[in-house]
């Protein structure tokens, strides 16, 4: 496999960077070991080939990214002890990002954020801070002052990882009425009601769903029908299927499966979860086993069945992303500083490595820049 050279210097991205057919992918990174911020590559949808990475914007520890529904703006958390969130404008025809403004996130080490479908609200999960903040968005894409700040309080059985609340993920319900926060430290899925007009969050009744002690819920994804949700738990290396009551904003557990084989020995934590655009397959990443676990989804019941496990080509697959057509999957290996491309079998969901590998220092988020 030929590795493409990682460019540490800021490059001006020309209008020729993107062809009409190419898919733009932004890469969030940790910047302690050579990275300078957010990088961009283009995916050739015919061959699966990735272009050489170029620096789209210089910023510190942009560990998670989200794009505005109109595609004109991009938002990044700055995962550090002071905690910040930064807004950028995109440039048509290129991948260049221009910083608009930056706001304190309200807590230490923000690790996740989302933009609601109306384009009015950004919601940020602060990991070490154990808190959640919501921000109104101005018409020019800039962040307004914080509208809601919610401090979680609690802990769970793992004294090392769950000594306090650790908000890890914010997800909107399909109807945009609720926000679910995966709190790894409390083993709870916190549920809030969202008012997009005021960008405010209020506690639901009931306010949370408890998970098994020591699970460490990390990320959640809804199915396309909006009737079920899947939660990947970092500490237990499991995926749990929930039935979603859209009227009440409640979750009911119906299944939990392991992301690892029965004979696995060693330490492992999970990270990302995603559903294939067809709605037939679900993937989860294993850090330790360094694999992507594949599950088939039973359409009537939403139950999962293990359907394979695939090495990611490197160590610590923090993030992966399925392209909108469902043909390609990109996986970012944080500790080997690389990104690999896999072809997806549309009939089975099986992953086949293409041999495409690029190098980026500590990649931790992959985002296809598509409008909603």
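A short reminder: the numbers here are calculations on the coordinates, not readings from a lab. Everything numeric in this text was worked out from a predicted model, so none of it was measured. Cβ atoms come from the backbone with ideal geometry, glycine included; neighbour counts cover every protein chain shown.
Structure notes:
- Inter-probe distance in nm under a simple model that places probes 7 Å from Cα toward Cβ, at residue 47 and residue 202: 5.6
- Multiplying the residue separation of residue 210 and residue 359 by 0.36 nm and removing their Cα-Cα distance gives an extension gain of 49.7 nm.
- Based on alpha-carbon atoms, the Kirkwood radius and the radius of gyration of the chain give Rg/Rh equal to 0.94.
- Treating r as the C-beta distance of residue 262 and residue 108 and R0 as 25 Å, the FRET efficiency rounds to 0.10.
- Full-extension gain in nm, residue 118 to residue 195, via 0.36 nm per residue minus C-alpha separation: 26.6 nm
- For the pair residue 350 and residue 21, a Förster radius of 22 Å applied to the C-beta separation gives a FRET efficiency near 0.30, rounded to the nearest 0.05.
- The ranking of 168, 112 by Cβ neighbour count inside 10 Å, starting from the fewest, reads 168, 112.
- Gained length - residue 138 relative to residue 306, 0.36 nm times residue gap less alpha-carbon distance: 56.1 nm
- Residue exposure sequence - 327, 79 - by fewest surrounding Cβ within 10 Å: 327, 79
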